[in-house]
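Have a look at the structure below, then the notes.
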Amino acid sequence: EDQVTQSPEALRLQEGESSSLNCSYTVSGLRGLFWYRQDPGKGPEFLFTLYSAGEEKEKERLKATLTKKESFLHITAPKPEDSATYLCAVQNTGNQFYFGTGTSLTVIP
Amino acid sequence: DGGITQSPKYLFRKEGQNVTLSCEQNLNHDAMYWYRQDPGQGLRLIYYSQIVNDFQKGDIAEGYSVSREKKESFPLTVTSAQKNPTAFYLCATKDRSSYNEQFFGPGTRLTVL
């Protein structure tokens with residue numbers, strides 16, 4: 001069965017303390033892996049799409065990487081405004097989407 | 001200004017009532033989706049539509065109904081048959097290409113009193 005597991009569930013960082021969020025997936029055939037940011041009470045905001053192992057994408061302090069079994073969202077020198085829940089999702093070759101439960105990130109000034 | 005709008009932002013319903021959540025998009029995307037989000041759970045698919053006048057059930061369609069009469073609109077009705085309707089409801093759209101990501105609206109929080 002296709003599924004996505006994110007870890008840790010919650011992460012507290014000091015401002016400037018870099019870290020990584022993990023997204024492990026099992027999928028029958030990967031069409032794409034997606035990262036979203038979600039603020040409380042709002043809809044998810046699209047960040048990145050990764051299509052194949054070895055691919056990397058960057059946006060400001062965020063960098064997403066992909067292997068055949070997992071993806072990492074690296075956060076470099078985070079700021080308080082990076083505090084949010086980060087969601088990972090995969091799309092299989094049947095065009096079905098599966099979402100993880102998210103990692104809640106808190107960056108402390 | 002392109003985007004996805006959902007209304008209302010907050011909705012309160014008495015038990016036994018049907019309510020309809022609105023989702024409108026001007027992105028010209030073919031596919032539209034409804035998800036439900038509960039604390040500690042991933043997004044769960046309720047219904048989706050790839051083209052006008054056609055839609056399919058997702059994983060948790062029981063107690064919900066949809067229509068797709070226009071490309072821009074995909075309303076969701078939460079019926080009295082839905083046993084636990086209190087949740088955050090998200091509408092998403094996706095372009096025709098199979099390799100494209102979904103984009104989400106701002107959500108509607110439904111509370112059953």
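The values are calculated or read from the model by the stated rules, or taken from the named source; none is laboratory data. Small disclaimer: the values here were computed from a predicted structure and weren't measured. Heads up, the Cβs are rebuilt from the backbone with ideal geometry, glycines too, and the neighbour counts pull from every protein chain shown. For the accessible areas, the whole protein counts, side chains as well, though only heavy atoms, and no ligand, DNA or RNA atoms are used. Shrake-Rupley method; radii C 1.70, N 1.55, O 1.52, S 1.80 Å.
General remarks:
- Against the list (1) more than 10 Å from chain B (Cβ to nearest Cβ); (2) in contact (Cβ under 8 Å) with a residue 24 or more places away in the chain; (3) β-branched (V, I, T), the condition A:T5 fails is (1).
- If you check A:S19, A:S24, A:S52 for being more than 18 Å from A:D82 (Cβ to Cβ) and touching a residue at least 40 places away in the same chain (Cβ under 8 Å), only one passes: A:S24.
- Residues of region A:31-70 satisfying the condition of being within 12 Å of chain B (Cβ to nearest Cβ) and over 26 Å from B:I4 (Cβ atoms): A:S52
- A count restricted to region A:61-109 and to residues that are under 15 Å from the mean Cα position of the chain (by Cα), open to solvent by 20 Å² or more (accessible area, probe 1.4 Å) and on the phi > 0 side of the Ramachandran plot stands at 0.
- For region A:76-96, the count of residues that are over 30 Å from B:A87 (Cβ atoms), more than 10 Å from every other protein chain (Cβ to nearest Cβ), modelled with pLDDT under 95 and touching a strand residue (DSSP E or B) at 6+ places or on another chain (Cβ under 9 Å) is zero.
- Boolean, A:R61 is among the charged types (D, E, K, R), in contact with a Ser or Thr (Cβ under 8 Å, 6 or more places away or on another chain) and touching a residue at least 24 places away in the same chain (Cβ under 8 Å): no
- Highlighted here are the strands (runs of 3 or more DSSP E) found entirely within region B:62-104 that include at least 1 residues which are within 14 Å of another protein chain (Cβ to nearest Cβ): B:87-94, B:102-104.
- Options B:N100, B:N53: the member that is at pLDDT below 95 and not hydrophobic (A, V, I, L, M, F, W, C): B:N100
- Counted residues, region A:78-101 - those being out of contact with any Pro (no Cβ under 6 Å at 6 or more places or on another chain) and either of a type in the set (A, V, I, L, M) or more than 13 Å from B:R44 (Cα to Cα) (or both): 16
- Within region B:6-36, restricting attention to residues that are closer than 22 Å to A:F97 by Cα and more than 11 Å from the chain's Cα centre (by Cα), the residue that is farthest from the other protein chains (Cβ to nearest Cβ) is B:N28.
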